[in-house]
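Taking it in order: structure first as structure tokens, then the write-up.
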Amino acid sequence: MNDLSNGAGKRQAETALSLDAFYRALFGHPNFLVYVIRVLPDGSFLFEDANQPVAELANRPLDEVIGARPGDCLVPEIAECLEANLALCVETGEPRVYERSIDMPDGRLSWKTNLLPASEGGGPLRHVVGVTRDVTFERTLAGIADNSQALIRSLGDATSNVIYLFDLKSRGIRFSTGQHNMPLGYDPAEIAEMGDQMIPRLIHPDDVATVQEHVAGLANLPDGEIATVGYRVLHRNGRYRHHLSRNIVFSRDSAGDAELVLGVAEDSTDQDRMEEEVRALSERLLTLQIEERRRIAQELHDSTAQHLTAAGLALARLVVNLPEMDPGSEQAAQLGQARADIEASLHEAKQEIRVLSYLLHPPVIESHGLREAVRNFALGFGDRAGLEVEVRIGEGTELIDDDVSIALFRVCQEALANVHRHARATQVTVALEIEQSTISLCVRDNGIGFDQSTLSAAAQSGIGLAGMRERMTRLGGSVQIGGSGRGTSLTATVPRPAQIRPSAS
């Protein structure tokens, strides 16, 4: 038994780190200034031992440091600070930790120092062990972080926007600006205290699901990509404000997952209201345009066309009442040609008025539906204008809502009016289709086409093309025009609602 105990003790002694080995390892570390200070009877201090980094700080050989007082070998600022803290360590008998930064020829340096009192057998304190570490780089990074945070706060306070860091793990705000202007009426500390309850407490109930879906998607957001979401948020005054947030990944955890997201929240309430007012004004102008067209069409039909008919009758009476003349005479021939020319002009004028009146006052879509309104209008236009018109309408168009139906029909109306005015076409195709992601209306003719300068001039000369684009833009769609010497095509598209299936191919 004793042999076993002796063997275990021997192995423990062999594996235990000796104090001398620890001492050598600590003194040999290149990033630590390690030194032993002897406390002299008069209360002064000198270096009893030190490692090479201490000599480098003192800028002298190590043997000139050992045995010297701190004030004799160190920069005065460093020596005074060290001796003051050594005195406190000796006086209290407690360890001390302090940091100090000073300006050196190579720049500003920062150190963190630990002083450990060492006494033997409870006698007076004779030695203090010091370990000093250069923390300049750490303090520089901390200063940069503080300055960056101050800059972000200043930017946030100088604008009505809120800049924030959102923690995807806790679902709370880690940092936010706006403590001075408080655009929502809440102090940033109040927002932070809400934690993961911030979204259900402040976001409008109808927008909570949208915001939560947006937040869930941020976890998979690639670096450098911006995600945007609009929502209504509760102001302290009890009213909801419209906001638009843009988010980008700020930092990731050790596993590479998004951890913090940087966001900028912009109050878009006033902008949304102005845009709505502009849309309402634009819609009113378009409505006035339609009403004015109907009035002009009625005038053309009821007044101008009747005047032309009366002129034709008057011409016939004039011819009947002319004195008799030799049918073979030159005078009779000239009179006959003049009559034929006038009658042809009257016929063309009445035909033009008939077409224009129809274009300006088309069938009422509200009573016909989009499918029948487009078909009847296009075919009626062809009959009056003397054009060959083909109409192709896909299945499901009867499910298109009123706003989209009216907008597409007005585009069809304007496009056919442009064909009549400019194209010199003989054939027109009108196609209304429900595609995979869009509802499209295409009007294509075989006319003379156009060049880009002609299109630009047409876009600036009236509200026809601008009106079409305004209608489509309001619905999230677009208008595309293409053309060459073989004709022109105009295609208007709007997003397809989920409840409407694509037309069968």
>> Run the simple label-point estimate for Ala87 and Thr426 please: 7 Å along Cα→C-beta, distance reported in nm.
In response: 11.3 nm
>> Test of understanding: what is the full-extension gain from Ser329 to Glu395, defined as 0.36 nm times their sequence separation minus their Cα-Cα distance?
In response: 17.2 nm
> From the Cα gyration tensor of segment 177-272, with a ≥ b ≥ c the square roots of its eigenvalues, which class applies: rounded if a/c is under 1.5, or else prolate if a/b is larger than b/c, or else oblate?
Replying inline: prolate
>> I need the shape label for segment 225-266. Rule: rounded when a/c is under 1.5, else prolate if a/b > b/c, else oblate, with a, b, c from the alpha carbon gyration tensor.
In response: prolate
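Each reported figure results from applying straightforward, stated rules to the coordinates on display, with no laboratory input. In this text the structure is predicted, and so the values were computed from the model without any measurement. Here the Cβ is made from the backbone with ideal geometry for all residues, glycine too, and neighbour counts use every protein chain on show.
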